[in-house]
Amino acid sequence: MAMSHVLPQNWIVTDGRASVGGVDLAALAERFGTPVFVIDVAHVRQRLTAFSDAVGSLGPPAYAAKAFLCIAMAELVSEADWWIDVVSVGEAEAAERGGIASDRIMLHGNLKTAQELELVLSGRVGRLVIDSLDELARLDRLASERGVDVDVLIRLNEDVDLATHPKVLTSGQEAKFGLVGDQAAEAAALLAGSERLRWRGVHLHVGSQAADPELFAIVLERLVDFVERHRAAFSGDEVILDIGGGMAAPYLRDDPVLHPADLGARLHMAATSLRIEERIGPFRLIIEPGRAVIANAGVTLYEVGVRKPLPSGGELVAVDGGMTDNPRPALYGSRYEVLAVTRMDDPHDHPVRLFGRMCETDVLAESIGIPEDLSVGDIVAFAATGAYTYSMSSRYNLLRRPPVIFVEDGVARQVVRRESIDDLFSGDSGLTGAEVWQYDPTGSNRAEGY
Ligand SMILES: Cc1ncc(COP(=O)(O)O)c(C=O)c1O
């Protein structure tokens, strides 16, 4: 597989210098500082269109917000006429601010708080994906008390064979998500008897980094079988069959790629061979890719800060970011392609161990090749860092979260600015400014909304 699959589509090298979307990366780093997340907007648009075209009339895809979300991203999702899957009030807010209509927002999550349930009770979010019988009972009670109808899907937990990292395997024996066999059947029966909850469809997200379209055809079959068995409980004209996300994105040049067109072709074939319409009536098929849309559109730029020998032999390089802007190497041992953006014509074959700058042994890359004369002050790009980096970033060591820059046609737009020192302390009042609450042992102390 070529490196080009890993990089943003509009990554170009001229005279040894890399640019994305017509913007020179070293110049961008100078203008906005490092670390910095850079997103190739045309790449994102192309991926959104490719998945839309691939599923075609089967139904609009839904973007998995957890991969990467800011208002500008929600605007791109909205422009593409996609739905969106959110898991928190914050993600729902970003979706709304990006112009996504409530009937296109779906709420997921294995544990939804009172505030999150309120999103569907108040109509800010159009559909909720039920993850447990406890949640179903709670939502049913709240919907009856409020006298509002709520559209729901049932999330199934089925054993489907996917070889992936255990932390991104979300179905099967060890998974916390969804309802297994009898419980799922009970959910369908409870929904049939509910005055206020309307059963609109089923959902199954197996896990991430699935490169074989066959897996999604199997998931579709499981969903159709389930709905067919419980058709009597269904309360709508059109069944939503949501086969989840997890479409693979290549991180390294030899990683497998799932082409949207291949996925689409397999799903169209399955829709016919499973005789879905005949068995369960009209349906809408939803896919929920996250990383497959955004991972390869993004690169993170860091400045090289240290080069020195490792006590064990070899050499180390440290850059000015790390597990605060990208926890994936620490969480999953994830690996990346690393490129020196002003030395692209030099062979990247000098082996080093690459560290971040946090107060941990935060290895960002165990063994990578860099140009022999890479120097302090040079800028390196980590490829395929559009997904699960900004969205997973933290303020460990009281570091400020980096900005997000959208680049297109030679223009860089800072859609999220770097956090300021004041941002770091916006909720930190110190002892004297603290909100004070005197515990009352006789009264009700339960605060709403936590
Ligand atoms: C319900 C659901 N849908 C979609 C996704 C997106 O996964 P990916 O970004 O791998 O496509 C996730 C990821 O955890 C998920 O939990």
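The values are calculated or read from the model by the stated rules, or taken from the named source; none is laboratory data. Computed from a predicted structure; not experimentally measured. Heads up, the Cβs are rebuilt from the backbone with ideal geometry, glycines too, and the neighbour counts pull from every protein chain shown.
One residue stands out in segment 216-235 among those that are in contact with a Leu (Cβ under 7 Å, 6 or more places away or on another chain) and not hydrophobic (A, V, I, L, M, F, W, C): the one that is nearest to the ligand (Cβ to nearest atom), namely R222. Return the residue satisfying two criteria in turn: it lies in segment 174-194 and is out of contact with any helix residue (DSSP H, G or I) (no Cβ under 6 Å at 6 or more places or on another chain) and assigned to a loop (DSSP other than H, G, I, E, B), and of such residues it is surrounded by the fewest Cβ atoms within 10 Å (Cβ to Cβ). Looking at the filtered set, the residue picked out is E174.
Applying a threshold of 7 Å to beta carbon distances and a minimum spacing of six or more residues, or different chains, the list of pairs starting in segment 144-162 at a residue that is assigned by TED's automatic domain parsing to the domain that holds G207 and among the aliphatic types (A, V, I, L, M) and ending at one that is within 14 Å of the ligand (Cβ to nearest atom) and assigned to a loop (DSSP other than H, G, I, E, B) reads L156/G178; L156/L204; V160/S171; V160/V206; L162/V206.
Would you say G99 is within 19 Å of F406 (Cβ to Cβ) and surrounded by fewer than 19 Cβ atoms within 10 Å (Cβ to Cβ)? When the stated conditions are applied, G99 passes them.
Just so you know, in segment 195-215 the residues that are within 16 Å of the ligand (Cβ to nearest atom) and in a helix (DSSP H, G or I) include one that is modelled with the lowest pLDDT, and it is L215.
Here is a yes/no grid of residues against (1) in contact with a strand residue (DSSP E or B) (Cβ under 7 Å, 6 or more places away or on another chain); (2) closer than 18 Å to I368 by Cβ:
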| residue | (1), (2) |
| --- | --- |
| E278 | no, no |
| R284 | yes, no |
| L310 | yes, yes |
| G322 | yes, yes |
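You will find that of L316, L258, L310, the residue that is farther than 30 Å from R198 by Cβ, over 21 Å from the mean Cα position of the chain (by Cα), surrounded by 14 or more Cβ atoms within 10 Å (Cβ to Cβ) and not acidic (D, E) is L316 and no other.
Looking across segment 346-361, the residues that are surrounded by fewer than 20 Cβ atoms within 10 Å (Cβ to Cβ) and in contact with a Pro (Cβ under 9 Å, 6 or more places away or on another chain) come down to D346, P347, H348, D349, H350.
Total residues in segment 122-161 satisfying the condition of being crowded, with 19+ Cβ neighbours inside 10 Å, in a helix (DSSP H, G or I) and away from the ligand (no atom under 16 Å from the Cβ): the figure is 4.
Listed by position, the helices (runs of 4 or more DSSP H) inside segment 236-302 whose residues that are touching a residue at least 60 places away in the same chain (Cβ under 8 Å) and within 12 Å of the ligand (Cβ to nearest atom) number at least 1 are 260-273, 291-294. For segment 368-405, filtered to residues that are within 16 Å of the ligand (Cβ to nearest atom) and either of a type in the set (A, V, I, L, M) or free of Cβ contacts under 8 Å to residues at least 24 places away in the same chain (or both), the residue that is nearest to S19 (Cα to Cα) is A384. Please tell me if G305 is in a loop (DSSP other than H, G, I, E, B) and either of a type outside the set (D, E) or more than 30 Å from R200 (Cα to Cα) (or both). Against the criterion (in a loop (DSSP other than H, G, I, E, B) and either of a type outside the set (D, E) or more than 30 Å from R200 (Cα to Cα) (or both)), G305 does not qualify.
Against the definition (over 30 Å from Q46 (Cα atoms) and either assigned to a loop (DSSP other than H, G, I, E, B) or assigned by TED's automatic domain parsing to the domain that holds P213 (or both)), how does S334 come out, yes or no? The answer is no for S334.
Would you point out which residue out of A192, A188 is over 20 Å from E278 (Cβ atoms), away from the ligand (no atom under 16 Å from the Cβ) and touching a His at 6+ places or on another chain (Cβ under 7 Å)?
Details: A192 fails: touching a His at 6+ places or on another chain (Cβ under 7 Å).
None of the others qualify; the one that does is A188.
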